[in-house]
Structure formats: structure tokens, C-alpha cells
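Peer 1: Sharing a structure with you now.
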Amino acid sequence: AVLVLLCGSAATVVAWKWLSKRQIKKKMEEARRTRDEGVKKMAKIVQQFREQIPSVQTDAILSLPLVELTGRLQEGSLSPRTVLYAYLEKALEVTQQTNCLRHFIPECEEQLQEVEGRKEKGLLYGIPVSIKDHISHKGHLSTCGLVQCLGTPAQDDSVLVKVLKKQGAIPFAMTNVPQSLFNYDCSNPIFGKTLNPFNHQKSPGGSSGGEAALIAGGGSILGIGSDIGGSIRLPSSFCGLCGLKPTAQRLRGINPCLMHPFLNVDICSHPTPVPGALGPMARDVDSLALCMKALLCQEMFQLDPTVPPIPFNEEVYSSSAPLRVGYYDTDGYFPLPPCMRRAVQETRMALQAAGHELVPFPPPRIHYVMNELFLKSFFADGGRAWLDVFTGDVVDPSLKPQVNCCKIPRLGKKLLALILKPLQFLLLLRFKNVATISICRSVKEMWNHHHQIQVYRTEFITRWRQLQLDAVLCPVLGPAFATGYPGKLLTAISSTMLYNVLNFPAGVVPVSTVTEADEEDLKLYQGCCDDPWDHMLKQAVAGAVGLPVAVQCVALPWQEELCLRLMKEVETLSHEK
């Protein structure tokens with residue numbers, strides 16, 4: 001009887017798991033079908049427009065920089081309708097090649113009609129804008145690449161989308177993201193993998209990878225992403241775009257995900273000491289500045305009173321006064337490929353030749369920041385909250401290394417910590433918290449952790465002030481990784497995550513491309529200790545000749561205009577070169 005009972009229980013468990021997997025598969029297939037139907041609908045609308053106006057020169061429209069395009073729209077020499085359909089047509093082409101779109105927004109036609117009927121034209125009048133998957137748009141899902149988020153469409157536009165529409169912009173597409181947003185690859189089990197438009201063997205970066213692929217491919221002129229460890233800056237680096245991570249509170253306006261609190265980490269609503277930030281992505285720095293100017297308006301300040309009412313300071317951005325710029329080409333934690341360090345040194349020399357003052361500025365205690373401050377902020381509970389978002393879901397292969405690490409029982413982690421302790425010096429401590437995630441065992445420990453972040457911010461700002469710096473020039477991770485590698489090299493993001501911990505505005509500007517000489521230098525790359533992770537980094541970035549190479553520019557909190565000013569200077573000098 002006992003044996004029969006056990007067999008019956010086992011059969012019930014197997015049947016339940018089978019039914020659960022079948023239900024998950026059904027939901028995923030339905031989401032893909034809805035996405036595909038939306039694509040077909042947009043293709044039909046674009047075809048109808050082509051038949052109505054066969055003479056329209058879409059290439060000429062797509063080649064216009066944002067500032068020039070807005071001018072043409074404002075004066076009436078181009079119509080919002082023509083511009084929207086030109087970008088819809090190009091977006092269809094780009095997503096067929098890269099799988100960058102999560103969903104078209106059919107309501108863009110209603111917004112187009114509303115914009116065309118306006119007497120007052122906003123700063124983004126008639127501009128098609130793409131938005132990252134988790135930014136709420138009324139009537140559409142914010143999935144985060146998770147099955148559990150497939151059932152509840154947003155009841156209202158997020159504040160950010162409302163402000164974009166107020167300024168005359170037309171949101172027309174939502175872009176793909178990595179599952180749970182916690183990855184700098186761009187793949188999820190529902191909508192699949194997004195590819196780099198310049199090389200389909202490479203990743204576009206993440207978590208704003210769909211945005212980066214769409215803009216770099218020419219299918220969008222302006223996009224909105226989010227960043228909590230590099231999620232705007234890494235895709236911008238991988239895809240040759242300009243991207244800005246502002247001070248976290250400078251732009252707000254995303255409705256919190258109702259499904260799980262951890263998902264709010266990357267959308268700026270979770271009470272973490274390392275806050276996420278919303279920011280623009282585009283093909284040039286002037287586009288970022290125009291977007292910030294449009295968003296930092298009275299409408300934003302009224303809709304979200306938690307946003308400080310600080311309008312964009314055009315005087316700071318347009319200034320031509322010489323800058324005092326700190327610089328470094330490595331943070332000493334995860335040495336970057338030779339081409340990325342070359343980019344910093346070449347940019348430093350160009351800035352000096354242009355009359356700016358460059359000062360060495362090595363950032364303090366990066367091993368401590370990465371291992372104790374950054375990772376501990378998100379895995380203070382040993383990763384349990386993050387693992388919960390995968391309940392009843394299929395884990396994407398790109399995330400399995402991180403998920404498996406978090407699944408190690410606490411006793412197993414302690415034993416692993418003892419085993420690895422003698423090797424920590426050789427590993428430079430950089431994988432201590434990936435394999436044996438440090439946790440906060442009490443509320444007191446959590447408060448102390450928050451306090452230590454504030455202490456480090458004060459230390460960093462003090463050193464900055466002592467050197468009387470206006471801004472900092474530093475490297476960013478790149479060039480684009482081969483797909484699948486970002487999930488294996490989480491701790492390679494030290495170059496970007498530092499400025500999330502500090503909550504400083506930071507932006508990325510492409511300045512060069514990978515050369516044959518860079519590839520030869522890569523063969524000699526040994527990293528910090530020529531260990532398996534250094535070898536993995538070499539494999540990830542190999543075969544990148546012709547791909548973009550970028551640098552990172554940083555300013556103190558609330559000084560986005562100064563950060564953009566340095567970015568513009570770097571962009572101008574790189575174009576002259």
C-alpha cells in the first residue's frame with residue numbers, strides 16, 4: 001500500500017510538472033504569435049503608405065540627424081506621417097535581421113493624428129521614438145522576458161511616455177531585453193536572441209540591447225533605455241551609439257512591475273542603494289542633449305514630483321571653456337582589451353591638443369566596490385529574490401551560469417568559500433562573490449552596507465574635489481562580445497557599474513573601430529593574471545575588426561549637461577581625426 005501511495009504521488013508530481021511546462025509553452029507561443037501578428041500589421045500599413053506615396057525618399061529622411069530632422073518637421077518641409085512610416089519600414093527591415101523588436105505599438109497611428117492636429121509643437125514634434133520593453137505603454141505588456149509578466153497589460157502610460165507624447169514624440173516600438181533584465185547579453189526564452197546589426201555573431205549588449213540594435217541598424221532615431229550596471233552604456237559601446245545614464249533621480253517615470261519586487265531594480269523603483277536610471281540612446285550627442293532638454297520640462301515635474309525641477313542647462317552644454325579632466329585607462333579590476341585602452345589614450349591626447357587639461361585619476365578600491373558594494377546590493381539575500389522571478393519559467397541559457405551559482409545551498413557556498421580562500425589573492429578577489437555571494441544576515445548588516453556605500457561616495461567625491469576636476473574620461477567594456485559570453489563574465493562590467501554605485505551621470509561615445517593591429521595586440525593580452533576568465537574575455541572579443549570602440553565620460557551628480565559637454569567635445573575631436 002505504501003509503495004502504491006509513493007508511486008501515485010510520484011506520478012502526480014510528474015503530471016503536474018508536465019502540465020506546468022505545457023502551460024508555460026502555450027503562453028510563450030501566444031506571446032510570439034501576438035508579436036508576429038503586430039509585425040505583419042505594420043508591414044501592411046507601410047505597404048499601403050508606399051502605394052499612396054511611391055516617390056518618398058526614405059533614405060534621405062533616415063540619414064538626417066535628430067536635430068536637423070526636428071527642424072525640418074517644425075518648419076513643415078517634412079511631415080510627421082512621412083517620417084513615421086520611413087522609420088516603421090526601416091524598423092521592419094532591421095528586426096528581420098536582428099530580432100530587436102519585442103512589439104510594434106499600433107497606437108502610434110492615433111498618436112500621429114493627434115500630433116498632426118496640434119497648434120503647439122513640442123521639442124520632439126513628429127519624432128518616432130522606441131522604448132525598452134519594461135517602460136510601460138498603455139495596453140501593452142512589460143514582460144522583462146518573463147512568462148509571469150505576460151498576463152497584465154499596462155493600465156496607463158508611464159510618466160516618461162506621457163512626457164514624450166506631450167513633446168510631440170510618437171512611441172512606435174518596444175524593444176527586446178534579456179530575461180529579468182539582469183544580463184548584458186540580449187536573449188530571453190519568449191522572444192529569442194537579439195543580434196548585433198554589425199556582426200550577427202556578436203551581442204548588441206544589454207539589458208537595453210534591443211534598443212541598441214534597432215538604433216544602430218537605422219530603425220529608430222531616438223530610444224529610451226535603463227541602466228543599473230551598464231545597461232545603456234554597454235549596448236551603446238557594443239553598437240557604436242551615444243548613450244547617457246543620468247543621475248538616477250534626474251529622470252523618473254516608470255510604473256513599478258506588479259509581478260515581483262526584484263524586477264523593479266532595473267526600472268528605478270526598488271529601494272536599493274545602487275539605483276537604476278533611465279536615459280536616452282541615439283546616434284550622436286546632440287540627440288541626447290535634445291532628448292534631455294525635452295524631458296526635463298514642467299510636464300515631467302508635475303507628473304512626478306519626486307523628480308527635482310531642474311531644467312536642462314543649455315549654457316553649460318554649449319560652453320567652450322577649457323575643461324579639467326581626470327582620466328584612467330584601466331581600473332585594475334578587469335583589464336580591458338587593448339583597443340579600449342588605446343581609445344582612452346588617443347582621446348586624452350586629442351583633448352590635450354584641443355586645450356583641455358588632463359589629470360591622472362585612478363579610481364580607489366575597485367575590488368572592494370565590485371565585490372562588497374555592487375554585488376552585495378543585489379544579492380544580499382544570496383540571490384533568493386532574483387531566483388523567485390524564474391518560478392514557473394524557463395531559464396534562458398545565457399543566464400544559467402548566474403542562476404546555477406545562486407542555487408548553490410548556503411552550506412555549499414560556505415564550503416566553496418573555504419576552498420577558494422587560499423586562491424583569492426591569485427584571483428584578485430574578483431570572483432569571490434560570484435561563486436560565494438556575500439549576504440547580509442541581519443537588518444543591521446544591511447544598514448551597514450548602505451552606510452559603506454555612502455562612505456565610498458564621499459571618499460570618491462573628496463578625491464575628485466581635491467584634483468578640482470570638471471569631468472572624467474575612462475574606458476568602457478568592449479568591443480562587442482560574442483553572443484553567450486556576457487552571462488559568463490558578469491564581473492567584467494566594473495568599468496560601468498562603478499558609476500551606478502556612485503550614482504554619477506556617465507555617457508558613452510564611439511571614437512574609433514577595432515583595427516588589425518588591435519587584433520594582434522589582443523593575442524598578447526594576459527589580463528590581470530592570465531587566468532581562465534582572462535582567456536574567456538579574449539575569446540569573447542576576438543574577431544571584432546571594424547566594430548565600434550568607445551570611451552566613457554563622467555561628471556558629478558546632477559551635472560548631466562557637463563557630462564554631455566565632454567561627450568560632445570570627444571565626439572567632435574574623433575570626427576576631426
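Peer 1: So which of Lys17/Lys202; Lys25/Lys245; Lys132/Lys538; Lys245/Lys293; Lys245/Lys444; Lys193/Lys523 end up more than 24 Å apart by C-alpha?
Peer 2: On the way: Lys17/Lys202 35 Å; Lys25/Lys245 36 Å; Lys132/Lys538 30 Å; Lys245/Lys293 15 Å; Lys245/Lys444 31 Å; Lys193/Lys523 29 Å.
From the list (Lys17/Lys202; Lys25/Lys245; Lys132/Lys538; Lys245/Lys293; Lys245/Lys444; Lys193/Lys523), the Cα-Cα distance tops 24 Å for Lys17/Lys202; Lys25/Lys245; Lys132/Lys538; Lys245/Lys444; Lys193/Lys523.
Peer 1: When we measure straight from the Cα of Lys162, which aspartates and glutamates land under 13 angstrom away, once same-chain ones fewer than 8 places off are left out?
Peer 2: Glu299, Asp304
Peer 1: Taking square-rooted eigenvalues a ≥ b ≥ c of the alpha carbon gyration tensor, is region 513-577 rounded, prolate or oblate, where a/c under 1.5 means rounded and, failing that, a/b exceeding b/c means prolate?
Peer 2: Working: a/c = 3.66, a/b = 1.73, b/c = 2.11.
Judged from the Cα gyration tensor, region 513-577 comes out oblate (a/c at least 1.5, b/c at or above a/b).
Peer 1: Select from the chain the helices, each a whole stretch of DSSP H, whose alpha-carbon atoms run 27 Å or more along the helix axis and whose Kyte-Doolittle mean is at least -1.0; answer none if there are none. Mind showing how you got there, number by number?
Peer 2: Details: long enough: 2-52 (75 Å, -0.46); 443-466 (35 Å, -1.27).
Going by DSSP H runs, the hits are 2-52.
Peer 1: Starting with the highest mean, order 61-72, 324-335 by the number of other Cβ atoms within 10 Å, averaged over the residues of each peptide. Please list the in-between numbers first.
Peer 2: Values: 61-72: 16.3, 324-335: 19.8.
Averaged packing, sorted descending, gives the order 324-335, 61-72.
Peer 1: Mind giving me the nanometre distance, one decimal, between the label points for Val395 and Gln298, set 7 Å out from Cα along Cα→Cβ?
Peer 2: Distance between the two pseudo-spin positions: 5.2 nm.
Peer 1: Among Lys27/Lys376; Lys27/Lys400; Lys165/Lys376, which pairs are too far apart, with a Cα-Cα distance over 29 Å? Can you show the working numbers first?
Peer 2: Numbers: Lys27/Lys376 34 Å; Lys27/Lys400 21 Å; Lys165/Lys376 38 Å.
Those over the limit are Lys27/Lys376; Lys165/Lys376.
Peer 1: Would you mind checking which residues have amide H under 5 Å from Lys138's amide H? H placed 1.01 Å from N; only 5 or more apart, or other chain.
Peer 2: Asp157, Ser158
Peer 1: Would you list, by chain and number, the lysines whose Cα falls below 19 Å from the Cα of Lys40, excluding same-chain residues fewer than 8 positions away?
Peer 2: The qualifying lysines are Lys90.
Peer 1: Let me ask you something else. Short version: ³J(HN,Hα) in whole Hz for each residue of region 191-199, in order, from phi by Karplus 6.51 cos²θ - 1.76 cosθ + 1.60 (θ = phi - 60°), x for Gly and Pro, what are they?
Peer 2: Result, rounded to whole Hz: 10, x, 9, 9, 10, 6, x, 8, 7.
Peer 1: Give, as a single signed number, the net charge of other residues whose beta carbon lies under 12 Å from the beta carbon of Gln468, with Lys and Arg counted +1 and Asp and Glu -1. Please list the in-between numbers first.
Peer 2: Details: positive: Arg324, Arg463, Arg465; negative: Glu357, Asp470.
Summing Lys/Arg as +1 and Asp/Glu as -1 gives +1.
Peer 1: Ordered by residue, what ³J(HN,Hα) values in Hz, to whole numbers, does region 124-134 give under the Karplus form 6.51 cos²θ - 1.76 cosθ + 1.60, where θ = phi - 60° and Gly and Pro are x?
Peer 2: These are the phi-based 3J(HN,Hα) values: 10, 3, x, 8, x, 10, 9, 10, 5, 2, 8 Hz.
Peer 1: Further question on the same structure: Calculate I(q)/I(0) for the chain by the Debye formula, one identical point scatterer on each C-alpha and no solvent, and give its log10 at q = 0.05 Å⁻¹ to two decimals.
Peer 2: For the chain, the Cα-only Debye profile gives -0.20.
Peer 1: Given the DSSP H assignment, sum -39500 (n - 2.57) over each helix run of at least 4 residues in the chain and divide by its residue total; what's the result at 222 nm in deg cm²/dmol, nearest 500? Don't skip to the answer; put the middle values down first.
Peer 2: Numbers: 22 runs with 254 residues, N = 577.
When only DSSP H runs of four or more count, the value is -13500 deg cm²/dmol.
Peer 1: Also, quick follow-up: Find how many whole Å separate the alpha carbon centroid of region 363-382 from the alpha carbon centroid of region 87-145.
Peer 2: 37 Å
Peer 1: Taking the mean number of other Cβ atoms within 10 Å as a proxy for protection, how do you rank 226-234, 189-197, 453-461 from highest to lowest? Please report the intermediate quantities before stating the final value.
Peer 2: On the way: 226-234: 31.1, 189-197: 23.6, 453-461: 14.9.
Going from most to least packed, we get 226-234, 189-197, 453-461.
Read the figures in this text as sums done on the coordinates, not as results from a lab. Note that this is a predicted model, so its numbers are computed, not measured. Neighbour counts run over all protein chains shown; Cβ positions are idealised from the backbone, glycine included.
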